[in-house]
Amino acid sequence: MLPGMARKPRIAIVGPGRLGSALALALAGSGYQISEVIARSSRPSLRKAAALARRVRSRAVILSQAGLQCEIVWLCVPDRSIFSCARELAPLARWSGKVVFHSSGALTSDELDPLRERGAAVASLHPLMTFVSRSTPSLHSVPFGVEGEAAAVRLARRVVADLDGELFHVRSANKAAYHAWATLASPLLLATLVTAEQAARRAGISAASARRKMLPIARQTLANYAALGPAAAFSGPIIRGDAAIVRKHMSSFKDHPELREAYRALALVALRYLPARNREELKKALND
C-alpha cells in the first residue's frame, strides 16, 4: 500500500497558518510535493495560502474547490474546526487509499471519522513544537506524537523519518494528558517566566530589563536540565532547606497574591519531586 510506495506521496496541506506553513516548508524541503494549499474563502486565509503556495511551488485553493489529487491530506486547522473540516472534505474526493492526518495534540483521530467512514486511513500526528508568528522553527529532531489506524501510523513513520523527526505513540485515552504535558513544557513555561518578570518589578527592575537579565540563568538552567537531569540541575534555598529565606520571599509578595500563589505552587512541586533539606520547615514557611 502507500507506505511501500517507491516515490514520496503527494501531500495536500489544509490550513495555511503557522503550523501548516512550517510543515509545508519542511515537507517541501524534504522532497515532498505539496499538491495544494487549501484555505478558507476569507481574504486573509487566501493571502496566506497564496504566499505559502508560492514558496513550496504549489497552488492555493479554497476548501470547496480542493482537487485532492494526492495520497496524504494533512489538516492543520484549529482543534474546534477539525471535525467540521473533515465533514466538508468528505464529499469532495474518493477517500479509499488516502491517508489523513490532523495535528491536534489534545484530540484523537476520531475527529476524522467523516473521512474514515469513506475509506481513508486516519491518524492524529502532532509535532511537539511551538509555532508562533514571525518564527518558523526547524522540525529537525522534533518528536511527533501519533495515534490512529495502523496504515496511517505506518505512513506517518515514513514522513517523520524523512523530516528527520522522531515518532512516538500516544494512546487515545492519554491525548489530553499528553497535550497538558506539552502545554506545561512551552506556554506555561512562558507563564513561569512572566511570573518571574513580575517578581523582578517588585525588586525595581522593569520587565524588559528582567527578560534580558534572566536569559543567562534561564539558558544555563535548561542546559543543566538537559545534561544532568532535574535533580542535579536544582539549586537555591529549597535544596538547601533555607526556610528563613523562603519566608522572606513569601513576605515580599504579601500584597501580590498571584505571585505568592505561583511561588507557593512551584515550591510545593519542588518539595514533591526535587531534592530538598528541612522539608517540614519549608512547608511551614510556604503556608505561613
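Some points to look at:
- Close pairs from the stretch 6-20: first closer than 17 Å to GLN65 by Cβ and modelled with pLDDT of 95 or more, partner among the acidic types (Asp, Glu) and not in a loop (DSSP other than H, G, I, E, B), Cβ under 7 Å, at least 6 apart: ALA12/GLU36
- Residue match in the stretch 207-229 (condition: touching a Lys or Arg at 6+ places or on another chain (Cβ under 7 Å) and more than 19 Å from SER186 (Cα to Cα)): yes
- Of all residues in the stretch 214-234, those that are without any contact (Cβ under 8 Å) to a residue 40 or more places away in the chain and surrounded by 13 or more Cβ atoms within 10 Å (Cβ to Cβ) total 6.
- Apart from one condition, SER41 fits all of (1) modelled with pLDDT of 95 or more; (2) under 27 Å from ARG116 (Cβ atoms); the exception is (1).
- Leading residue by the ranking (surrounded by the fewest Cβ atoms within 10 Å (Cβ to Cβ)) among those in the stretch 149-176 that are small (Gly, Ala, Ser) and farther than 20 Å from CYS70 by Cα: ALA173
- Looking only at the stretch 272-288, and only at residues there that are closer than 17 Å to HIS249 by Cβ and basic (Lys, Arg), the one that is surrounded by the most Cβ atoms within 10 Å (Cβ to Cβ): LYS283
- If you go through the stretch 21-37 and keep only what is touching a residue at least 12 places away in the same chain (Cβ under 8 Å) and over 22 Å from GLY105 (Cα atoms), you end up with ALA28, SER30, GLY31, TYR32, GLN33, ILE34, SER35, GLU36.
- Extreme residue, surrounded by the most Cβ atoms within 10 Å (Cβ to Cβ), among residues of the stretch 42-74 that are among the aliphatic types (A, V, I, L, M) and touching a residue at least 60 places away in the same chain (Cβ under 8 Å): VAL73
The values are calculated or read from the model by the stated rules, or taken from the named source; none is laboratory data. The shown structure was predicted, so the numbers you read here are calculated from the model rather than taken from an experiment. With ideal geometry, Cβ positions are generated from the backbone for all residues, glycine too; neighbour counts draw on all protein chains shown.
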